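Report on one structure; see the data block that follows.
Bear in mind that the values in this text are calculations on the coordinates, not laboratory data. Small disclaimer: the values here were computed from a predicted structure and weren't measured. Methodologically, a virtual Cβ is constructed for each residue, glycine included, from the backbone with ideal geometry; neighbour enumeration extends over all protein chains shown.
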Amino acid sequence: MRKPLLNTFIIILSLASLTLSGTVQARMKCWTNDEGGRECGDKVPPEYAQKSHQELNSSGVVKEKTDRAKTDEELDEQRRLDQIQAEKDKIAAEQKKKDDVLLQTFSNVGDIERARDERLTALDASIKLTEARSEKIKYDLDKRIQKAATEERAGKTPSEALLKDIESLKRQLKNNDTFIEAKRAEQEEIKTAHAKDIAHFKKLKGIK
């Protein structure tokens, strides 16, 4: 029990000494030495400058506390945590922008559903038009294939132009099939995206 009393006595003496000597207005600093003891003075020794210390006012009350300097490992960890937090803040800011756009664009769930249906209808029209073109291409392709077969049965070699037409029409059919497949996939994406928008809109609006 003596040591705390001794430390307090030393602090009081230090304050009195600083006040009497007229050094500044008792800007006394206290720190912990390597042995764990508390020391005070008008300046923190260089060997303790990077460790935590306190500044006391003339009444012995802690005026300011300086934490110890962080180690390189702690600084690296802090930078890592700061980067994680910065990324979280960025994601939150981006989400807020999306939320604002959603709320400013639609006033109710019906608006979102109508926007979805309009996009789906436009894609349906594009798919049907492409399917109609494919039917025409299939008709032309069948005619050319029959012509080539007739020539072969007659012992003739189909002309190069005819064979090129057949290959060209096959490519067109394949491209149309790919286009239709992509548009149907886009329709599914639209349905999924708008379902999420509706659910999120309800959440933002507090709708059950």
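Would you check which residues across the range 94-120 are of a type in the set (Val, Ile, Thr) and exposed (fewer than 11 other Cβ atoms within 10 Å of the Cβ) and list them?
Val101
Search the range 182-208 for residues that are touching a residue at least 24 places away in the same chain (Cβ under 8 Å) and pair each with any residue that is surrounded by fewer than 12 Cβ atoms within 10 Å (Cβ to Cβ) and of a type in the set (A, V, I, L, M, F, W, C) when their beta-carbon atoms are under 9 Å apart and the residues are at least 6 apart or on different chains.
Phe201/Ile207
Among the listed residues Gln50, Gln85, Gln104, Gln54, which satisfies the condition of being polar (S, T, N, Q) and part of a strand (DSSP E or B)?
Gln54
Within the set of pairs 6 or more residues apart or between chains, which connect a residue that is closer than 29 Å to Asp34 by Cα inside the range 68-89 to a residue that is in a loop (DSSP other than H, G, I, E, B) with Cβ atoms less than 7 Å apart?
Partner pairs satisfying both residue conditions: Arg68/Gln50; Arg68/Lys51; Arg68/Ser52; Ala69/Gln50; Gln78/Lys70.
Tell me which residues, restricted to the range 137-163, are surrounded by fewer than 11 Cβ atoms within 10 Å (Cβ to Cβ) and among the charged types (D, E, K, R).
Arg153, Lys156, Glu160
Among the residues of the range 192-205, what is the count of those that are closer than 16 Å to Leu123 by Cβ and surrounded by 12 or more Cβ atoms within 10 Å (Cβ to Cβ)?
Residues flagged as closer than 16 Å to Leu123 by Cβ and surrounded by 12 or more Cβ atoms within 10 Å (Cβ to Cβ) within the range 192-205 amount to 2.
Quick test for you: out of Glu131, Glu151, pick the one residue that is in contact (Cβ under 8 Å) with a residue 40 or more places away in the chain and of a type in the set (Asp, Glu).
Glu131
Let's see how each residue does on (1) within 30 Å of Val101 (Cβ to Cβ); (2) assigned to a helix (DSSP H, G or I):
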site	(1), (2)
Ala122	yes, yes
Lys156	no, no
Lys170	no, yes
Ala182	yes, yes
His194	yes, yes
